[in-house]
Each structure stands twice: as structure tokens, then as C-alpha cells.
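As C-alpha cells, the structure follows; a few thoughts come after it.
None of the figures in this text is laboratory data; all of them are computed from the coordinates on show. What you see is a predicted model; the values in this text were computed from it and never measured. Note that each Cβ is placed from the backbone with ideal geometry, even for glycine, and that neighbours are counted across all protein chains shown.
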Amino acid sequence: MIVTLYIPGLHEAGLRNTEAFLGSPGSSFVVDAYASGSILAATGVTLLGNLMFAALGTTTLPSLIIPFFGVVATIGRAVFIGMPFAPTSFEELIAVIIASPVLLIEFQAYVLAMLGSIILWRSTFGYRRRNLASAWDGYLAGVKDNVRLYPVIIAVLLGIALVEAGTALILH
């Protein structure tokens with residue numbers, strides 16, 4: 001967010017990307033859920049989107065193939081998300097400050113997913129430290145450790161999806 005203020009056009013590019021995302025066919029499902037006024041529908045699609053796209057799609061699944069890629073992709077995603085949220089006025093700064101606890105808690109779930117990526121590849125490359133027979137055994141142990149993080153990740157994403165949906169529906 002901070003860099004966006006100092007690079008001309010970056011904030012506008014972030015807004016254009018957000019508008020393009022919201023205009024895509026898949027995101028209309030989310031917009032419709034929020035427009036319905038149902039907190040359960042809005043919470044469900046928010047949880048599903050954050051879990052499938054962000055935690056699994058951006059962090060965990062790519063890391064199963066490319067070592068530590070999920071860490072880089074998730075940091076890149078955080079930068080990409082920060083671009084349109086960078087405050088350009090005092091009023092926007094107040095809004096960002098008010099919303100920052102929600103953003104911080106949501107990103108804790110993604111930090112846990114990044115931790116899973118790190119655990120996976122440390123287990124793979126450091127299989128001898130774990131007294132495992134091969135790197136493949138280390139990889140499998142790392143996948144199991146990664147999967148064990150997901151109940152906490154889902155709980156955090158569910159809680160934050162409920163807060164996001166409730167807040168959006170109350171404000172509209």
C-alpha cells in the first residue's frame with residue numbers, strides 16, 4: 001500500500017484490475033451472493049473464494065510442485081490486493097485503518113498456508129533430520145504436516161468471511 005502512493009498510476013492500475021476481476025464471470029457469483037442480502041450465502045462464497053483461490057490456489061497447490069512458490073505468490077498477491085486499497089485521501093485512510101484488523105486476521109490464514117509451504121519443502125530437503133529414508137518420504141511427511149494446518153486456516157477464513165459478509169450487508 002505504501003509504495004502505491006509514491007508510484008504514479010499504480011493505484012489506478014489496481015482499481016482497474018479490481019474492476020476487471022469484479023466483472024469476470026466467476027466473480028458475479030460472489031456479487032450476486034452479497035446482493036441477495038443473505039449473510040449465509042455471502043459468508044459461504046467468501047469462504048469458498050478465499051479458501052479455493054487464495055489459500056489453496058495461490059499458496060498450497062503451486063507449492064506442491066515448485067518449492068516455496070506459494071510464499072512468493074502469496075506475497076505478490078498481498079501487494080496486488082494492496083494497490084487498490086492504498087488510501088489517497090484522509091477519508092480513505094480512516095477506512096483502511098478501520099478495516100485493517102479484518103485484513104490482518106485474514107492474512108494470518110495465508111501466512112499459515114505459506115508456513116505449510118515452508119514446512120513441506122523443509123521436510124523434503126531435510127528428510128534426514130526427520131530420520132526419513134528418502135526425500136520422497138520427506139515430501140509426503142511435509143504434505144501431511146501441511147494438511148494438518150488446514151483446520152486452523154479454514155477456521156480463520158470462516159470467521160473472517162462471517163465478519164466481511166456481516167459488515168458488507170450492514171453497510172449496504
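Basic side chains Lys and Arg get +1 at the Cβ, acidic Asp and Glu get -1 at the Cβ, and with that the dipole of the chain about its Cα centre reaches some 900 debye.
Rounded to the nearest 500, the 222 nm mean residue ellipticity of the chain from helices alone is -26500 deg cm²/dmol, with -39,500 (n - 2.57) taken per DSSP H run of at least 4 residues. A straight chain from ASP145 to PHE90 at 0.36 nm per residue would run longer than the Cα-Cα distance by 15.4 nm.
Distance between Cα centroids, the range 26-52 to the range 126-155: provide it in whole Å. Rounded to whole Å, the Cα centres lie 32 Å apart.
How far, in degrees from 0 to 90, does helix 25-35 lean away from the longest principal axis of the Cα atoms of the chain, to the nearest 10? In the chain, helix 25-35 runs at an angle near 60 degrees to the longest axis. In the chain, the longest principal axis of the Cα atoms and the axis of helix 10-22 are about 80 degrees apart.
Our estimate of slack between PHE80 and SER27, defined as 0.36 nm per intervening residue step minus the Cα-Cα distance, is 17.4 nm. Against the chain, whose longest principal axis is taken from its Cα atoms, helix 39-49 shows a tilt of about 50°.
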